[in-house]
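Engineer: Pasting a structure below so you can have a look.
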């Protein structure tokens, strides 16, 4: 996801400062503040040295695209960053992808539980600038989006032990787990500017599609043959969309190698190749691209609703559905 | 896209042509696609139209030929 779009990126240092200030005020215990800071400095997070955080852009760019001042959205962007951080932490912890050597999981779990409260504090602190009613609305959006993502994560875990998962259910899980969080982030940015229900609804649909595209690309990487950093999807019997597709092939056609996805008895690389050979990558790419096109269509709807050409800048938040290697000739 | 219909389209294509398992096309330019490969892709194009899509770009991750659907007219023919 392109984070540096529109003018929202200019506010990144201020968002980072708000995250640091909120952590600094969180406790009188230095060790706890320190672990919070380390959680917010993980790769992709706001305080990471490489500075490639993507989440604030959903808030800041949406705010600006709709005619708002991204400077007004600093607190809201920090709140979203805290919530996105804990969702990411939980995902890594429950998927056995946590690097214990960097941060002990027990301390990460405990400090992670505190992050939504820091998000709430950021929202509360923005009431002076945005007004109590608008801040309350933003707080409600953050809470609703985060709870929806938690429910999606729970469904993801439940499906690990569910042998028969339809493609529709796998798709629904993806929408709940990933779509709801990005939808929330974009709606928070919009809510800085407008109370218009149809605009907020369209922004939510836009963010939902963006989140699903990003997750499906992640799911593709999780079944990519020959990739050392494939993650734990196959090992944990995740029912991501490409895997759900392969399992349906296996059920309907009695294909033993693909059935092994559900049983996790086969070599992971062999299972990844089976998913690919059955067309699981093809299938998932089409669904991802369909969501991408839906997101772009919603942008046009937003242009019509708001009369603002600048809304088209949101297109840059939509992940590109492309290969790691490019096709030289094109089609 | 209806997920179930899409399943049938993709699975049918893979079964008919072995496309997903076939390496070799991945490093080729579009102009270098063989007649057999082009026929397979055109078959895919027809199937895609059944679910509202078109081939507009060919992308080869992980040694397999992958395509993207798009509502725009066009394709590789």
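Engineer: Is there a residue being under 26 Å from residue A:292 (Cα atoms) and surrounded by fewer than 14 Cβ atoms within 10 Å (Cβ to Cβ) anywhere in the range A:19-39?
Structural biologist: Scanning the range A:19-39 turns up no residue that is under 26 Å from residue A:292 (Cα atoms) and surrounded by fewer than 14 Cβ atoms within 10 Å (Cβ to Cβ).
Engineer: Right, another one. Checking the conditions here, which among A:90, A:123, A:142 is part of a helix (DSSP H, G or I), under 16 Å from the mean Cα position of the chain (by Cα) and within 20 Å of residue A:16 (Cβ to Cβ)?
Structural biologist: None of the other options fit; the residue is A:142.
Engineer: Then there is this: Is there a residue being out of contact with any helix residue (DSSP H, G or I) (no Cβ under 9 Å at 6 or more places or on another chain) and at pLDDT below 80 anywhere in the range A:250-261?
Structural biologist: yes
Engineer: Looking at the range A:212-228, is at least one residue part of a helix (DSSP H, G or I) and closer than 26 Å to residue A:72 by Cα?
Structural biologist: Looking for residues that are part of a helix (DSSP H, G or I) and closer than 26 Å to residue A:72 by Cα, one finds none in the range A:212-228, hence no.
Engineer: Considering each residue of the range A:190-235, count those that are over 16 Å from residue A:171 (Cβ atoms) and crowded, with 17+ Cβ neighbours inside 10 Å, and give that number.
Structural biologist: Going through the range A:190-235 one residue at a time, the tally reaches 17.
Engineer: Before we move on, is residue A:115 at pLDDT 95 or above, assigned to a helix (DSSP H, G or I) and over 15 Å from the mean Cα position of the chain (by Cα)?
Structural biologist: yes
Engineer: Now, a different point. Hey, residue A:99 hits all of (1) without any contact (Cβ under 8 Å) to a residue 60 or more places away in the chain; (2) more than 23 Å from residue A:57 (Cβ to Cβ); (3) in a helix (DSSP H, G or I) but one; which does it fall short on?
Structural biologist: Against the list (1) without any contact (Cβ under 8 Å) to a residue 60 or more places away in the chain; (2) more than 23 Å from residue A:57 (Cβ to Cβ); (3) in a helix (DSSP H, G or I), residue A:99 comes up short only on (3).
Engineer: Next question, about the same structure. Yes or no: the range A:156-175 includes at least one residue that is without any contact (Cβ under 8 Å) to a residue 12 or more places away in the chain, within 17 Å of residue A:208 (Cα to Cα) and surrounded by fewer than 17 Cβ atoms within 10 Å (Cβ to Cβ).
Structural biologist: Scanning the range A:156-175 turns up at least one residue that is without any contact (Cβ under 8 Å) to a residue 12 or more places away in the chain, within 17 Å of residue A:208 (Cα to Cα) and surrounded by fewer than 17 Cβ atoms within 10 Å (Cβ to Cβ).
Engineer: I'm trying to understand the selection: among the residues of the range A:126-139, which are part of a helix (DSSP H, G or I) and touching a residue at least 12 places away in the same chain (Cβ under 8 Å)?
Structural biologist: A:129, A:130, A:134, A:135, A:137, A:138, A:139 - these are the residues of the range A:126-139 that are part of a helix (DSSP H, G or I) and touching a residue at least 12 places away in the same chain (Cβ under 8 Å).
Engineer: I need every pair where a residue in the range B:1-18 that is facing chain A (nearest Cβ under 7 Å) and part of a helix (DSSP H, G or I) has its Cβ under 6 Å from the Cβ of a residue that is at pLDDT 75 or above and surrounded by fewer than 20 Cβ atoms within 10 Å (Cβ to Cβ), sequence separation at least 6 or different chains.
Structural biologist: The qualifying pairs are B:3/A:168.
Engineer: For residues that are facing chain B (nearest Cβ under 8 Å), at pLDDT 80 or above and farther than 11 Å from residue A:213 by Cβ, tally how many sit in the range A:282-303.
Structural biologist: Matching residues across the range A:282-303 total 1.
Engineer: Looking only at the range A:218-249, filter to residues that are at pLDDT 75 or above and on the phi > 0 side of the Ramachandran plot; which one of those is farthest from the other protein chains (Cβ to nearest Cβ)?
Structural biologist: Among residues in the range A:218-249 that are at pLDDT 75 or above and on the phi > 0 side of the Ramachandran plot, the one farthest from the other protein chains (Cβ to nearest Cβ) is A:237.
Engineer: While we're here: Does the range A:66-76 contain at least one residue that is under 16 Å from the mean Cα position of the chain (by Cα) and either at positive phi or in contact (Cβ under 8 Å) with a residue 60 or more places away in the chain (or both)?
Structural biologist: no
Engineer: Quick check, is residue A:165 outside any helix (DSSP H, G or I), out of contact with any strand residue (DSSP E or B) (no Cβ under 8 Å at 6 or more places or on another chain) and under 19 Å from residue A:241 (Cα atoms)?
Structural biologist: yes
The values are calculated or read from the model by the stated rules, or taken from the named source; none is laboratory data. Treat the numbers as computed from the prediction; the structure is a model and nothing was measured. Here the Cβ is made from the backbone with ideal geometry for all residues, glycine too, and neighbour counts use every protein chain on show.
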